[in-house]
Amino acid sequence: MAALASAEAGHANAERKRRAEVDQHNAKVDELERGVLASSAEAVEDYCELLIGSSQLPADLPADVEVAFQSDARKLLVIRELPGVDVIPQAREFVYVRSRDEVTEKLRPQKEIRERYANLVAQLVLRTMCDVFQIRPTVTIDEVAVNGHVSTRNKATGQPERPCLVSVSATREQFESFVLTELDPAECLRHLNALISPHPWDLEAVRPIFDPDLSKYRFVDAHDAASGLDARRVLLDMPPFEFEHLVRQLFEAMGMKSWVTQASRDDGVDAVAVNEDPIMGGVCVVQAKRYKGIVPADAVRALAGVMDDKRASRGVLVTTSWFGKATHDFAARHGRIQLIEGGELKHLLAEKLDLDVVIGELKRRAK
């Protein structure tokens, strides 16, 4: 009887502990729910990390994410860990050779490995955005920005580094218009004006649209964090492909479509686009010169020549610096060329894209 009583007491004590743990867990769940419904940044971050991290992915793909929530903007910032290129199997197939009684492997061409890896990176970024927009309640998050990073070591120094291969932002309205089972992942990212590494398999980084140090967004108010997403880019310090991306974003916001970049002969962007405006529309040639000093007058004459070759109705010559009198006079006589200097470019980026940029250090302008 004593042994039975002792066992019953032990069981009762264990049950009380179990119930206390369950009650404690449920209380935390209830607290988390209240915080999410109230759009508490800390609660939304914990909730989203939990749900994104539990997404069903193949076992050899990293599931690590880090998030920050800007409650005023209803925007979630996500740092997504990406796999390295070695996640793509080198072997395409295995073949049994009966004469040698052995199995041989056929390797994938490097081009195929690179294409598969670039596609995988794009899929993972879109999957992350999809996971966020599927989180309920939907009223909490209106926009998602994702940086995809790879943890690696610099081959030259051996030091750890985390290059960003993709950086993109989309609203719920944009994302819900996609048919995910039918689209091409890389083309979808381009449609969203994502910054994408031109060579992700070589871990060539892009500058992300928001700072990977998410602690900055957790300890400042939402207005300051939002303004810091794209703020203070130095145009003259941008890599060429990033400058091209920014110019494309600007002119698409101004109505240009069907943008096709041409080979540039200098430090700038040459593109042929279509303006769909019924009055001022037609084929337009855009040339952007990322210069520190005056743009040579030959540039506007060359633009006129390209316009004739492409049968373009308009041409736009934009620079980070300024044009001389000869260039302004030629454009005025031509009648179909628009000149945009550094100050106006800065204004347009602020007006059309809500970007606060810095031109960079220019040469002293002659008086």
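With respect to (1) modelled with pLDDT of 80 or more; (2) at positive phi, the lone exception for Arg232 is condition (1).
Looking at the range 271-279, is at least one residue closer than 17 Å to Leu362 by Cβ and either hydrophobic (A, V, I, L, M, F, W, C) or in a strand (DSSP E or B) (or both)? Give the steps one after another, and end with the answer.
First, pick out the residues of the range 271-279 that are closer than 17 Å to Leu362 by Cβ: none.
Within the range 271-279 (the criterion being closer than 17 Å to Leu362 by Cβ and either hydrophobic (A, V, I, L, M, F, W, C) or in a strand (DSSP E or B) (or both)), the answer is no, since none of the residues qualifies.
Determine which member of the set Asp46, Asp23, Asp30 is modelled with pLDDT of 85 or more, assigned to a helix (DSSP H, G or I) and among the charged types (D, E, K, R). Sole residue among the options that is modelled with pLDDT of 85 or more, assigned to a helix (DSSP H, G or I) and among the charged types (D, E, K, R): Asp46.
I'd like to check something: does the range 59-67 contain any residue that is assigned by TED's automatic domain parsing to the domain that holds Asn119, over 21 Å from the mean Cα position of the chain (by Cα) and either closer than 30 Å to Glu112 by Cα or assigned to a helix (DSSP H, G or I) (or both)? Even if it seems obvious, please write down each step before you answer.
Just the residues of the range 59-67 that are assigned by TED's automatic domain parsing to the domain that holds Asn119, to begin with: 59-67.
Checking the rest, the ones that are also over 21 Å from the mean Cα position of the chain (by Cα) come to 59-60.
If we keep only those that are either closer than 30 Å to Glu112 by Cα or assigned to a helix (DSSP H, G or I) (or both) as well, we get 59-60.
Looking through the range 59-67, at least one residue is assigned by TED's automatic domain parsing to the domain that holds Asn119, over 21 Å from the mean Cα position of the chain (by Cα) and either closer than 30 Å to Glu112 by Cα or assigned to a helix (DSSP H, G or I) (or both).
Restricting the search to the range 313-346, which residues are part of a strand (DSSP E or B) and not aromatic (Phe, Trp, Tyr)? Show your work before the answer.
Keep residues of the range 313-346 that are part of a strand (DSSP E or B), which gives 314-319, 322-323, 337-340.
Listed by number, the residues that qualify are Arg314, Gly315, Val316, Leu317, Val318, Thr319, Ile337, Gln338, Leu339, Ile340.
Scoring Asp298 on the criteria (1) loosely packed, with under 14 Cβ neighbours inside 10 Å; (2) in contact (Cβ under 8 Å) with a residue 60 or more places away in the chain leaves a single failure, condition (2). Glu351 fulfils the conditions (1) within 14 Å of Ala299 (Cα to Cα); (2) surrounded by fewer than 14 Cβ atoms within 10 Å (Cβ to Cβ); (3) acidic (Asp, Glu) except for a single criterion, (1). Which residues, taken from the range 167-219, are at pLDDT 90 or above, over 16 Å from the mean Cα position of the chain (by Cα) and surrounded by 16 or more Cβ atoms within 10 Å (Cβ to Cβ)? Of everything in the range 167-219, those that are at pLDDT 90 or above, over 16 Å from the mean Cα position of the chain (by Cα) and surrounded by 16 or more Cβ atoms within 10 Å (Cβ to Cβ) turn out to be Phe178, Trp201. The listed residues are Gln90, Gln70, Gln110, Gln56, and the only one of them that is within 23 Å of Val144 (Cβ to Cβ), among the polar types (S, T, N, Q) and exposed (fewer than 13 other Cβ atoms within 10 Å of the Cβ) turns out to be Gln56. Of the residues making up the range 49-58, those that are outside any loop (DSSP other than H, G, I, E, B) and within 16 Å of Met129 (Cβ to Cβ) are Glu49, Leu51, Ile52, Gly53.
Residues checked against (1) more than 19 Å from Met256 (Cα to Cα); (2) of a type in the set (Gly, Ala, Ser):
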{"position": "Pro296", "(1), (2)": "yes, no"}
{"position": "Ala302", "(1), (2)": "yes, yes"}
{"position": "Gly305", "(1), (2)": "yes, yes"}
{"position": "Lys325", "(1), (2)": "yes, no"}
{"position": "His334", "(1), (2)": "yes, no"}
{"position": "Ile337", "(1), (2)": "no, no"}
{"position": "Ile340", "(1), (2)": "no, no"}
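The values are calculated or read from the model by the stated rules, or taken from the named source; none is laboratory data. Only a predicted model underlies this, so the values are computations on that prediction, with no experimental measurement involved. With ideal geometry, Cβ positions are generated from the backbone for all residues, glycine too; neighbour counts draw on all protein chains shown.
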